[in-house]
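Computed from the coordinates by the stated procedures, all read-outs in this text should not be read as laboratory data. These numbers were taken from a predicted model, which means no experiment stands behind them. Positions of Cβ are backbone-derived with ideal geometry, glycine not excepted, and every protein chain shown enters the neighbour counts.
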Amino acid sequence: MFGDTATCTYLLQEQFANGLKRIRGALEGAHFAVAGELDLSGRMRRKLGVGLPPCLVLFAAPREWMGAQGAGDPTLDLLLPIHVVVAAAGFHTEVHFLRSLPRTESGTSRVVSDLQATVSRAIEKIGMRKLED
């Protein structure tokens with residue numbers, strides 16, 4: 001358990017711009033919307049003058065949750081939206097997001113685990129799971 005990483009990583013055989021479009025399409029096909037995004041490489045370039053390959057964080061949540069004022073569950077509100085990191089990796093694109101939480105009887109755990117599994121299935125339609133080194 002301690003050897004496991006906390007994230008799932010997928011690899012798309014496409015350069016960043018096309019990979020990002022396909023990821024957005026896959027999330028949309030899974031009835032997720034992107035509530036916002038954070039351009040990490042752009043921020044580093046502006047604030048520190050450091051040039052990095054493109055890297056974005058997409059904030060993804062089910063469409064029906066968009067505009068809601070939170071789920072009323074503080075734990076769930078902390079874990080959603082799901083942060084999907086999209087990064088250039090040479091001529092490929094990598095996608096990272098949190099690995100599913102262990103399933104418990106908690107409603108929060110089940111909801112988050114189900115949403116993470118939905119994101120995983122959506123990304124698996126366009127890319128392949130990257131095994132850890």
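Some notes on this structure:
- Shown is the FRET efficiency for Glu124 and Arg63, computed with R0 = 22 Å from the Cβ-Cβ distance and rounded to the nearest 0.05: 0.65.
- Take every Cα pair under 8 Å whose residues are at least 6 apart in sequence, average their separation, divide by the length of segment 12-59, and the relative contact order is 33 percent.
- Listed by Cβ neighbour count within 10 Å, with the fewest neighbours leading, Lys130, Lys21 appear as Lys21, Lys130.
- One decimal place: the segment Ala117-Ala6 gains 38.5 nm when fully extended, by the rule 0.36 nm per residue minus the C-alpha distance.
- Packing-based ranking, highest mean first, of 35-46, 111-122 given that Cβ atoms within 10 Å are counted: 111-122, 35-46
- Length gained when the stretch Asn18-Leu98 is fully extended (0.36 nm per residue, less Cα-Cα span): 26.5 nm
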